[in-house]
Amino acid sequence: MKFIIRSLSIFTVCLIALTTYGRGLDISQTINLDRYTLIDGDTFQHDTGFLYLDGTFHIITSDIEYYSFYGLTPDFFAPVSGKPLMDETLYYSYHNLGLIPKWIASSFNITIGYETFVIVGVTGKNDVDATVTIVTQPQSQQVVAGWPATLSVQAEPSQYITYNSYQWYLNSKPIKGEIYSVLIFPTTTSKNTGVYKVAVSSGGTPVMSQGALLQIVTPVTIKKQPAPVITAKTGKKVTFKIIALGTGPLHYQWYSGSNAIPDATNSSYAIASVQALDAGQYSVKVQNSLTWNVSNLATLTVTP
């Protein structure tokens, strides 16, 4: 029955449009619109009425209905709750005829019952886009150079966000062509280091995500090894040194054999007065946040 009544209403409005088009009038305030407003988990309020040019909605009829009648859920209605809806075909027909010059429509549509609608509003007065909420922010991460990396975002309502509703940014500059919810780096280099954000929109003002720091970590390498053999007389000073490269900060730990030497945590290790007990093999482990490397062994011989 509602479908028949709705069809008659559309037919009536079409007649009004045809009779007024010749006079070039704005017929927007003669169009009967629908509005669905959430009440609870079972029911919603269905209003019909007119959208005035000041942006207010004036109710003609109102009743309470059940989601189960439409086979839908509260989550489906939530993004358009409380916003005027108009049959999509009618909107674009009237828009193309110039009969609703002060109205705008959402960039997406929504199907309820037998009809497909768009949200309508008065230019400068109403927000016709679904409210976007970012539910999963892109996460900061560290990746070893050469490895792949992925940044992603999840936003709702997903049914009103298209594949190109995203725009990724690196250090506040848009990245050309990156318009999907996932940003993929098949192979990373130091140039990929930076703060990434993504703007998400359902057609209106974009919502910007939090920043995610992608840090590309260069593996630890030892450019200069310690001298392989050191011979020193008892009581003399002995120094072991290396030069290590890689994304800092670099952390050092020197070893005598397999034993870590207390407080020997610099790129060099010195023994102020070497003794016979100090003879043996020395090495150093260097690490950063993701990688590590161990130097070659240096053999210390102590003579009288």
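Just a few scattered comments:
- Take the conditions (1) open to solvent by 20 Å² or more (accessible area, probe 1.4 Å); (2) over 18 Å from Ile161 (Cα atoms); (3) of a type in the set (D, E, K, R); Asp47 misses just one of them, which is (1).
- When Asp75, Asp54 are checked against the criterion of being outside any loop (DSSP other than H, G, I, E, B), open to solvent by 60 Å² or more (accessible area, probe 1.4 Å) and in contact (Cβ under 8 Å) with a residue 60 or more places away in the chain, Asp75 stands alone in meeting it.
- The strands (runs of 3 or more DSSP E) falling completely within segment 88-163 that include 1 or more residues that are within 22 Å of Phe77 (Cβ to Cβ) and open to solvent by 60 Å² or more (accessible area, probe 1.4 Å) map to 110-112, 133-136, 154-156.
- Any hit, segment 269-279, residues being touching a residue at least 24 places away in the same chain (Cβ under 8 Å) and within 12 Å of Ile222 (Cβ to Cβ): no
- Residue list for segment 240-252, restricted to those being in contact with a strand residue (DSSP E or B) (Cβ under 9 Å, 6 or more places away or on another chain) and open to solvent by 60 Å² or more (accessible area, probe 1.4 Å): Lys241, Ile243, Leu245, His251
- For Val80, the conditions (1) within 14 Å of Leu33 (Cα to Cα); (2) touching a residue at least 60 places away in the same chain (Cβ under 8 Å) all hold with the exception of (2).
The values are calculated or read from the model by the stated rules, or taken from the named source; none is laboratory data. Quick caveat: nothing in here was measured; it's all calculated off a predicted structure. Note that we place each Cβ from the backbone using ideal geometry, even for glycine, and neighbour counts take in every protein chain shown. Only protein heavy atoms, including side chains, enter the accessible area calculation; ligands, DNA and RNA are left aside. Shrake-Rupley method; radii C 1.70, N 1.55, O 1.52, S 1.80 Å.
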